[in-house]
1. Considering only region 145-161, how many residues are open to solvent by less than 70 Å² (accessible area, probe 1.4 Å) and part of a loop (DSSP other than H, G, I, E, B)?
2. Residues Glu93, Glu3: which one is open to solvent by 30 Å² or more (accessible area, probe 1.4 Å), at pLDDT below 85, farther than 25 Å from Leu253 by Cβ and part of a helix (DSSP H, G or I)?
3. Here's a check for you: in region 328-362, which residue that is under 22 Å from Arg398 (Cβ atoms) and among the small types (Gly, Ala, Ser) is modelled with the lowest pLDDT?
4. Please state which of the following conditions Arg644 fails to meet, knowing it meets all the rest: (1) modelled with pLDDT of 90 or more; (2) in contact with a Phe, Trp or Tyr (Cβ under 9 Å, 6 or more places away or on another chain); (3) in a helix (DSSP H, G or I); (4) surrounded by fewer than 20 Cβ atoms within 10 Å (Cβ to Cβ).
5. Of (1) buried (at least 16 other Cβ atoms within 10 Å of the Cβ); (2) assigned to a loop (DSSP other than H, G, I, E, B), Leu103 satisfies all except one. Which?
6. Go through region 268-279 and give me each residue that's in contact with an Asp or Glu (Cβ under 9 Å, 6 or more places away or on another chain) and either on the phi > 0 side of the Ramachandran plot or loosely packed, with under 15 Cβ neighbours inside 10 Å (or both).
7. Which condition number does Arg715 fail, the rest of (1) basic (Lys, Arg); (2) in contact with a helix residue (DSSP H, G or I) (Cβ under 6 Å, 6 or more places away or on another chain); (3) closer than 30 Å to Arg534 by Cα being met?
8. Kindly list the number of the only condition in (1) at pLDDT below 80; (2) in contact with an Asp or Glu (Cβ under 8 Å, 6 or more places away or on another chain); (3) not charged (D, E, K, R) that fails for Gly209.
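The values are calculated or read from the model by the stated rules, or taken from the named source; none is laboratory data. As the structure is a computational prediction, the values presented were derived from the model and not from experiment. No Cβ is skipped: glycine too gets one built from the backbone with ideal geometry, and neighbour counts run over all protein chains shown. Ligands, DNA and RNA are stripped out before the accessible areas are found, and what is left, the full protein with its side chains, is counted by its heavy atoms. Shrake-Rupley method; radii C 1.70, N 1.55, O 1.52, S 1.80 Å.
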Amino acid sequence: MIERMNEGRKLTLVSAPAGFGKTTLLGEWAAGCGRPVAWLSLDEEDSDPTRFLVYLVTALQTVAADIGEAASSALRSPQPPPTESLLTALLNEISTVEEDFFLVLDDYHVIDAGAVDDALTFLIEHLPPRMHLVIATREDLRLLLARLRARGQLTELRAADLRFAPGEAAEFLNDVMGLGLSVEEVGALESRTEGWIAGLQLAALSMRGREDTSAFIGAFAGDNRYVLDYLVEEVLRRQPESIRTFLMQTSILDRLSGPLCDALTGQGGGSRTLEALERGNLFVVPLDDERRWYRYHHLFAEVLQAHLMRERPDQAPALHRWASEWYERNGLSSEAIRHALAAGDFGRAADLVEPAALEMLGSGREDTLFGWLEALPNELVATRPVLSVYYAFTLFGRRGFEAVAVRLRDAERWLDTTVETGEKEEASSVEMVVVDQVAFRSLPGTIAIARAYHAGALGDVLGASDHARRALELLPGDDHLWRGAAAALLGIAYWTLGDLEAAYRSFAEGVAHQQAAGHTRFQIVGAHILADIRIAQGRLREAVRTYEQSLRIVEEHGGLVWGTTDLYVGLSELHRERNDLEAATELLMRSKELGEHVGLPETRYRWYVAMARIKEAQGDLDAALDLLDEAERWHIESPDPDVRPIAALKARVRIRQGRLDEASDWARERGLSDRDDLAYLREFEHITLARVLIARYKNERKEHLVREAVGLLERLRRAAEEGERTGSVVEILVLQALAHEARDDLPHALAPLGRALKLAEPEGYVRAFVDEGAPMARLLSEAASRGITPGYTGRLLAAFDARERESEDELHQPLVEPLSPRELEVLRLIAQGLSNAEIGGRLFLALDTVKGHNRKIFGKLGVRSRTEAVARARKLGLL
């Protein structure tokens, strides 16, 4: 088995039921493998993703001390970065290690968290060549085992491999345990236990000092659980009373140290006792080289706990309470809370949760906080207004809004007479309990923030703004954290209403408060909102500065701040507008490398939209629609206003494809009309409707269509100018020019075009004009001939010339119906031998979308298979 483990494949899986010696095997192998080994022993608390990653990095630092310094710092911040972003940076550091090493994850079966499974899957998929992973578990992993097995990257050791053969059983019982059994006695024991190592060890411990070993061996039979119970009973019976008491009292602990055991037993010498138990092979496993921390073998601990509950049931709550007190004194609040809950001391648990909760809200530990609060009795939480409000915040997205409202009402009923004093008072016969007096002082404002968030989620913008204003009135001036949240929510409400300057001021105030509170994460996340507002105002240069300043802050914090890759997505969109498509694409690839577009749904959505717009700028409209379809899959509701709905973006692409019936169907489904009342949230849709009307006029030559477009655009322009939304004004003026150009009314076309050019030139707009195609090129040529912004107009016309050169490949295809750029891209990947799934991964497409492209390619080439398609394409010179 040792030889197989030394093969050093990507993953070694040691999977067997309890008691088969997995940890012992790994320990022996690690001691003799001749290569560095990082070791992480897991327990149930490590299902918290942040805690798991902290311990993972700590284990890796035993191999290379400088690995993961930035990751460790980021994980200990109030809001750690997303897991895949952090792991990507960590893997890049691991890649610099020059010698092979192993990472052991022991007892992985205790992990019960999809987020940790996902992190491990990501780690395995991207494991550097020098790093090898070893996992010990009682149950198979929810991971990509089949794929690793097929690729020859998996070594598997299972129960059948770990069972002691007769010879190994004899060596263990006679040489290690010193029993001197006969061949027949060894054979009987091996047969009864079926080579089960834990059973053999317990039997050996039970037989020490016995003269009637044969009678003992014949006295037990049955399944492993029966044998276990029987043998542990025998082992315990033969221990001194002091050791029996020590074992049972400390059995409630996941991890043991001398001082912690002393706190539970009320005796000294806990460290010496643990060392003696290890020397006596009494199922104690050391967790570090210094022998400071140990754990019991899991099966042994389970039986010890059963004995404790059977023999001393009244003692268990006290033991958990003493453990909780020890952990609290030593600054380990999570463990203190867990043992308080196990003790049934819910008052103590609530006292510990309340001061810990604020830091956990909005972090990677919110699920843990929610679990603690769920474990507390409702009537207890209802007497604690601060805890009730924190509970309400954890319920957003987990339970219905009514559950949130109940918790807020529980808190509010204490505020009628206690807001000013912050002292405990009685409501009816129940006493209010407040642990965090500072949080209680802010509670009226905090409740208003929760109600603002609630209203915003329900689409009640005015209600959200009212509650946010009230929060700012109620919150103390020095409560930067909550004042920042309130100002940000108010800014989002202003943004939704189209009051962009008020939105910017309020949101910037929120970011400043969060900075003062030390929350860099919010500063980075807020950057994209501030930049989006500036883009809507037509202030592209300020938007670029916002992103670049934020990226400098990220660099100062080691490059692992949550939200970082959204900065690259935003910068990409600005570079696309300036027609630097190469830089725009590189920025999106940088975002992808960091991994956040995979880990965060809202960033995935923005990423796909940004890539779609690049493809549209390159003339690859099929690819643009594919990517918009992917974006739609990842769109999630958020407090941010959806000012550019995905369906409207698709309609614009279909207009350019000439699919006017589908674009018109979209407008009908949305209930859009040129006579609608105008609102900022529908401004993008109404501008898109004007595009539909102009395109239909050019196709159908019905005068009412262009009149409706012109009238709608004029109303939209006045509304946008009144709201100082210069980004919209530029687009509206461009469309007014195109509407007049469609009528061959050049003088009326040049007037709005001139205004658009004047507004756009200082900010460097390019795609706003170039994306409009040949009609805009003709208008710009006419404008240049009349001396209208000649330098700027000349640069725009040069961009048109470059675009025409890029489209020559498609024009010169020897096919009746040419392949689109996206279809050519898929065809080239088919020729490279990639599967449909691999093509989807390379192009960020769903599998069904790839298959759809295959069908179109086969149809245009007149073939039925991939092989025929490649041969036909090569014959035609397409490959």
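1. So the answer is 2.
2. Glu3
3. The residue in question is Gly362.
4. It fails just one condition, (3).
5. Among (1) buried (at least 16 other Cβ atoms within 10 Å of the Cβ); (2) assigned to a loop (DSSP other than H, G, I, E, B), Leu103 violates only (2).
6. Listed by number, the residues that qualify are Gly268, Gly269.
7. (2)
8. For Gly209, the failing item is (2).
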